[in-house]
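Everything on this sheet refers to the single structure shown next.
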Amino acid sequence: MDQFFDTFLNWDYIWQVFPDLLKTGLGNTLILSVSSALIGTVLGMVLAVMGLSAKRWLRWPARVYTDIFRGLPAILTILVIGQGLFTLARGLIGTNPYPLGILALSLIASAYIGEIFRSGIQSVDKGQLEASRALGMSYTKAMLLVVIPQGVRRVLPALVNQFIALVKDSTLVYFLGFITSQRELFRIGQDLAANTGNQSPLVAAGVVYLVITIPLTHLVNFIDKRLQTGGKVRPGLGQSNELSAGGVMGQ
Amino acid sequence: MTTAAVRSSSVELRDIHVSFGTLEVLRGVDLKVPSGGTTCVIGPSGSGKSTLLRCVNRLQEPDRGDLLLDGESVITADPDGVRRRVGMVFQHFNLFGHRSVLDNIVLPLRSVRRLSKEDAAEVARERLAEVGLADKAPYRPSALSGGQQQRVAIARALAMEPEVMLFDEATSALDPELVKGILDLMAGLASRGLTLLVVTHEMGFARSVADEVAFMDAGKIVEHGTPDRIFDEPESPRLQQFLSQVL
């Protein structure tokens with residue numbers, strides 16, 4: 001039992017690794033995951049709209065892109081982009097693989113997020129688009145003002161789940177060999193674990209991940225509940241209850 | 001219902017053909033509603049009534065034929081421009097579920113008619129008051145009854161100041177006790193001189209409000225005339241059979 005505690009919960013190592021985790025690791029993990037979440041969301045929306053287009057030359061590239069980036073192991077994509085482009089684009093971005101790590105994570109995320117958005121937008125009753133068009137709105141306006149806002153609302157839980165996956169996948173830039181100040185949580189834990197032969201630094205890193213991901217998980221549950229009750233009659237909440245998509249509209 | 005001036009137009013369909021794959025839904029339909037007139041289209045399910053109506057605002061583009069508004073062909077014009085002149089009310093209301101009742105009307109006023117926020121809100125409130133729902137402005141559509149939702153949909157269409165209004169089975173999804181209120185509202189529009197083209201299963205409404213009734217079957221207008229002619233002296237066996245089933 002003592003050995004168990006010494007291997008996983010050795011306070012000396014935990015105290016040793018914690019300052020680095022918080023000062024360097026947390027920031028880098030957040031930069032990697034938040035920026036690729038933002039870029040992935042924007043790209044994902046573009047992919048979703050392309051995928052729903054009536055025009056084949058828009059739909060087709062979106063399909064191919066999505067199939068490729070969802071079909072490949074994340075680590076493979078990250079290495080191909082992070083190392084491959086690193087060699088190719090050295091003149092442009094210098095010797096820093098960090099932006100390429102973000103790029104790779106963003107491209108992978110956009111394929112998943114695109115599919116989430118697409119399914120959400122597709123689930124909006126087609127009468128919504130028809131009514132908008134019948135009022136004289138262009139397709140673009142109808143999509144932007146009426147269809148997409150309702151579609152996105154429905155898939156918010158799935159979207160947050162994707163963000164959680166992104167926080168976890170940000171560990172994979174480990175293999176790109178960032179410099180000391182660029183290390184994210186996992187790398188910092190792993191480095192000390194490798195040096196000491198003790199797993200406690202990794203356990204400490206894990207705790208920090210959970211501090212990020214568990215609240216997000218509960219945010220999913222919260223949004224889910226809001227969405228489920230939102231469709232019911234709730235007088236007085238007409239303007240404030242932004243999350244309540246009209247449940248009656250699906251008929 | 002206020003008696004605000006309406007600018008209405010005649011609407012005319014000429015030799016309209018529509019096919020979905022190999023299925024011919026409309027097989028050469030001619031129909032004219034004079035400015036300020038009310039025409040009801042009746043007929044069995046699948047006869048092409050709704051498709052015909054959707055050709056008027058070009059939600060359905062005909063394969064062949066012509067569409068005239070106010071005597072002018074608009075079949076090749078910008079469809080958004082046509083839709084600004086032709087309002088439509090749907091069977092399932094199609095209110096925007098993520099917006100308040102007021103915003104359902106404000107949104108198209110701002111994005112299509114390009115009114116300022118204040119002007120749009122003022123017009124929207126006026127239209128809501130006209131259909132008796134001024135107090136529902138801040139609610140979500142889902143908080144309203146079907147009849148109330150359809151009133152909002154009518155107010156939303158009217159706010160765009162259409163020259164022609166299309167009603168696609170506007171009362172079919174309503175509870176029976178809510179039907180009359182909507183029909184009365186539509187009759188009010190007819191008496192205000194708005195051009196109405198109404199697809200309906202409400203024979204009483206067709207009889208009392210329409211100037212002309214068109215009976216459709218299998219993608220064609222089989223018979224048309226005044227309500228008295230259509231309901232009291234039907235000529236074609238198909239119409240006689242249809243009336244014997246619905247009256």
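So the values come out like this:
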| read-out | value |
| --- | --- |
| Degrees between helix B:176-191 axis and first principal axis of chain B (Cα, 0 to 90, nearest 10) | 90 |
| Residues in segment A:17-36 that a label on A:N195 would reach, taking backbone N under 16 Å of a point 7 Å out along Cα→Cβ | A:17-25 |
| 14 Å reach of a label modelled at B:S236, 7 Å along Cα-to-Cβ, counting backbone N of segment B:9-34 | B:26-31 |
| Alpha-carbon spread of segment A:2-135, three principal axes, descending order, Å | 70, 40, 25 |
| C-alpha center-to-center spacing [segment B:98-113, segment B:157-194] in angstrom | 19 |
| Dipole-positive endmost among A:L76, A:L26, A:Y13 within segment A:1-79 (Cβ charges, Cα centre) | A:L76 |
| Calculated FRET value between B:L247 and B:S73, using beta carbons and R₀ = 45 Å, to 0.05 | 0.75 |
| Segment B:155-247: trypsin sites (Lys or Arg not before Pro) falling in loop per DSSP and having at most 12 other Cβ within 10 Å | none |
| Cα gyration tensor category, rounded, prolate or oblate, for segment A:80-229 with a/c compared to 1.5 | oblate |
| Over the protein assembly as shown: Kirkwood hydrodynamic radius from C-alpha pairwise inverse distances, Å | 26.4 |
| Projected-area mean, chain A, by convex hull of Cα positions, square nanometres | 18.2 |
| nm² value of the averaged projected area, convex hull over the Cα atoms of segment B:115-235 | 9.0 |
| Neighbour-count ranking [beta-carbon atoms within 10 angstrom, fewest first] of B:L23, B:L189 | B:L23, B:L189 |
| For segment B:41-82: Kirkwood Rh in Å [reciprocal of mean 1/r, alpha carbons] | 11.1 |
| Rough spin-label spacing in nm, given labels placed 7 Å along Cα→Cβ, for A:T7 and B:S116 | 7.4 |
| Residue exposure sequence - B:R85, B:R110 - by fewest surrounding Cβ within 10 Å | B:R110, B:R85 |
| Local net charge near B:R207, Cβ-Cβ under 10 Å (Lys/Arg +1, Asp/Glu -1) | -3 |
| Net charge dipole size for segment B:7-133 [Lys, Arg +1 and Asp, Glu -1 on Cβ; Debye, nearest 20] | 260 |
| Gyration tensor over alpha-carbon atoms, chain B, equivalent ellipsoid semi-axes in Å | 30, 21, 16 |
| Cross-link table A:K126/B:K220; A:K225/B:K180; A:K126/B:K136; B:K49/B:K180; B:K32/B:K180, entries beyond 31 Å C-alpha to C-alpha | A:K225/B:K180 |
| Between 0 and 90°, nearest 10: helix B:117-130 axis offset from chain B longest Cα axis | 60 |
| Length-normalised contact order of segment A:115-176 in % [C-alpha pairs under 8 Å, at least 6 apart] | 42 |
| Which of A:W57, A:W11 has the fewest Cβ neighbours within 10 Å, and the rest in rising order | A:W57, A:W11 |
| Helix B:101-111 axis, angle to chain B major axis (alpha carbon atoms, nearest 10°) | 80 |
| Check: the protein assembly as shown dipole with +1 on Lys, Arg Cβ and -1 on Asp, Glu Cβ, in debye | 980 |
| Per-residue ³J(HN,Hα) for segment A:217-224, Karplus 6.51 cos²θ - 1.76 cosθ + 1.60, θ = phi - 60°, Hz, x for Gly and Pro | 4, 6, 4, 4, 4, 4, 4, 3 |
| Cleavage-rule hits (GluC sites (Glu not before Pro)) in segment B:156-247: DSSP loop, at most 14 neighbouring Cβ within 10 angstrom | B:E235 |
| 16 Å Cα-Cα reach of A:K23 towards aspartates and glutamates, excluding residues that sit fewer than 8 places from it in its own chain | A:E184, A:D191 |
| P(r) of segment B:72-121 over all Cα-Cα pairs, binned every 10 Å from zero, in whole percent | 22, 42, 30, 6 |
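FYI, it's all coordinate maths here, none of it is from the lab. Computed from a predicted model, the values in this text were never measured in an experiment. For neighbour counting, all protein chains shown are included, and Cβ atoms are generated from backbone atoms with ideal geometry for every residue, glycine included.
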